[in-house]
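S.K.: Please find one structure pasted underneath; my questions will follow.
Derivation of every value follows stated rules applied to the coordinates shown; laboratory data play no part. It should be emphasised that the depicted structure is a prediction, and the values quoted were computed from it without experimental measurement. In this analysis, Cβ positions are derived from the backbone assuming ideal geometry, glycine residues included, and neighbour counts consider all displayed protein chains.
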């Protein structure tokens with residue numbers, strides 16, 4: 001193989017499935033395998049055939065369907081495992097057997113209860129048996145990260161001589177740190193006499209949060225295969241994340257002497273598929289595939305991205321499957337980002353003053369709720385337009401008391417033609433009490449015909465948009481108001497309607513005149 005190609009070995013269907021609660025059915029494994037093949041993953045480790053009849057059937061099914069990627073089955077260094085793996089991958093266009101045996105002192109003594117000589121002999125025998133099924137054989141000295149380098153050199157040389165074509169060095173318990181692990185890979189490649197006859201690989205776990213860092217260190221030291229999983233799925237703290245490995249190498253071409261042939265635009269699709277099937281959701285701040293990976297809220301960052309994307313983005317979101325980056329409008333956003341989003345929504349301002357007024361409203365709303373959606377922005381403009389009318393009545397303050405077993409009560413302060421007036425009223429509910437308090441002050445004598453509430457966006461912090469319809473002497477008007485507090489939104493809508501009544505800006509009732 002070309003040593004300057006970085007081979008991607010995906011073990012989502014095997015090691016990823018070992019996450020508690022992440023078991024997959026045969027059909028689910030097939031769906032993920034198809035997605036991995038579409039992404040042009042080099043090797044798909046489809047499962048551990050000896051584990052169960054279901055796992056055997058799943059590996060076999062993947063082997064039958066996948067044509068462009070190599071399908072791999074895992075086997076311990078024992079005859080029955082290897083036979084089962086060989087049978088499972090038999091239908092594959094390209095098949096591989098991955099056999100493993102522990103090599104660290106703690107594993108050999110307490111788990112295997114074998115001497116080093118016995119371990120070497122068993123490893124060589126396992127590779128020999130695997131050759132009866134395929135020439136594509138991978139050997140892993142389990143817990144290599146805690147194994148003695150001299151013994152690793154000895155067993156690696158022996159299995160390569162027997163026919164192993166890939167040597168995988170696992171940091172099985174996530175114990176290593178980057179410079180140490182990279183140096184181990186470098187030593188093994190330099191010290192094993194026949195190391196040029198095999199591709200060196202790494203399989204790192206994330207117990208210390210270093211799986212990706214250790215993998216990349218190994219690549220810099222000469223490893224040309226990386227074993228990883230979608231979303232970093234895996235037992236305990238997970239495995240090295242495929243998307244992070246790929247994009248680190250792809251983005252930092254100046255640092256890495258190799259690259260993969262993956263279609264990175266399929267990364268997000270694979271990530272969502274795996275998350276959906278396993279139920280292991282991706283946290284928003286996850287690199288590459290998290291919802292916030294290409295989202296910007298800080299005004300300084302937004303301004304920079306709008307001027308030149310590269311100021312705060314080292315990758316294009318489209319390269320990993322996102323449609324575009326996302327400027328999250330919130331309390332940290334600046335005028336540039338706000339104005340740009342309004343333009344994208346085809347909202348124009350007649351003057352700089354109008355823009356400033358709506359921007360102030362936006363900041364006030366952003367202090368109440370974290371994310372501002374497009375619907376919120378539309379509501380802000382609507383509210384601003386309402387306020388530009390000749391208002392005689394303005395809301396100053398509102399206090400509502402609502403308690404189980406007690407009659408709701410509202411205390412309202414309004415500014416009417418420059419003079420503040422206050423009133424208190426009880427009602428059947430907080431909104432009714434609010435409207436009655438307004439009527440006490442204004443004495444308009446209108447009839448409420450419609451009261452409608454609509455959530456502008458999803459979530460408990462959504463703005464509520466209230467529409468009221470009132471009638472007076474044959475005139476019917478609609479009033480609107482929006483706020484994260486539905487009672488305040490109700491008061492705004494009622495006041496808006498009353499201002500229209502006072503200014504005779506309504507329409508005549510169909511039964512009393514022309515529409």
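S.K.: Label points 7 Å out from Cα along the Cβ direction at residue 419 and residue 403: separation in nm?
M.R.: Using points 7 Å along Cα→Cβ, the separation is 3.5 nm.
S.K.: Sorted by packing (mean other beta-carbon atoms within 10 Å per residue), highest first, where do 398-410, 55-67, 422-434 land?
M.R.: 55-67, 422-434, 398-410
S.K.: Please work out the Kirkwood hydrodynamic radius for region 392-508, using every pair of different C-alpha atoms, and report it in angstroms with one decimal place.
M.R.: Taking every pair of different Cα atoms in region 392-508, averaging 1/r and inverting gives 14.3 Å.
S.K.: Nearest 5 percent is fine: what portion of the DSSP beta bridges confined to the chain is antiparallel?
M.R.: 50
S.K.: Rule-of-thumb check for region 155-211: C-alpha Rg over 2.2 N^0.38 Å?
M.R.: 1.18
S.K.: Hey, with R₀ at 41 Å, roughly what FRET efficiency would residue 347 and residue 443 work out to, going by the Cβ-Cβ distance, to 0.05?
M.R.: The calculated FRET efficiency here is 0.65.
S.K.: Compute the projected area of the convex hull of the Cα atoms of region 7-278, averaged over all viewing directions, and report it in nm² to one decimal place.
M.R.: Hull-based average projected area comes out at 12.5 nm².
S.K.: Here is a further query. Which one is right for this structure if Kirkwood radius over Cα pairs in Å is calculated from it: (1) 24.4; (2) 23.0; (3) 27.4?
M.R.: Correct label is (3).
S.K.: Just the ratio, please: alpha-carbon radius of gyration of region 1-145 over 2.2 N^0.38 Å, N its number of residues.
M.R.: Taking the Cα Rg and dividing by 2.2 N^0.38 Å, one obtains 1.05.
S.K.: Can you classify region 395-453 as rounded, prolate or oblate using the Cα gyration tensor, where a ≥ b ≥ c are the square roots of its eigenvalues, rounded means a/c under 1.5, and otherwise it's prolate if a/b beats b/c and oblate if not?
M.R.: Oblate is the answer for region 395-453, as a/c is 1.5 or above yet b/c matches or exceeds a/b.
S.K.: For a protection proxy built on the mean count of beta-carbon atoms within 10 angstrom, sort 277-283, 469-475 highest first, please.
M.R.: By packing density, highest mean first, the sequence is 469-475, 277-283.
S.K.: Using only alpha carbon positions, build the gyration tensor of region 200-247, then give the equivalent ellipsoid semi-axes as the square roots of 5 times its eigenvalues, largest first, whole angstrom.
M.R.: Result for region 200-247: semi-axes of 16, 10, 9 Å.
S.K.: When the helix-only estimate is applied to the chain (DSSP H runs of n ≥ 4, each -39,500 (n - 2.57), divided by the residue count), what is the mean residue ellipticity at 222 nm, nearest 500 deg cm²/dmol?
M.R.: -11500 deg cm²/dmol
S.K.: Take the alpha-carbon positions of region 157-302, form their convex hull, and give its projected area averaged over all directions (one quarter of the hull surface) in nm².
M.R.: Reported value for the Cα convex hull: 10.6 nm².
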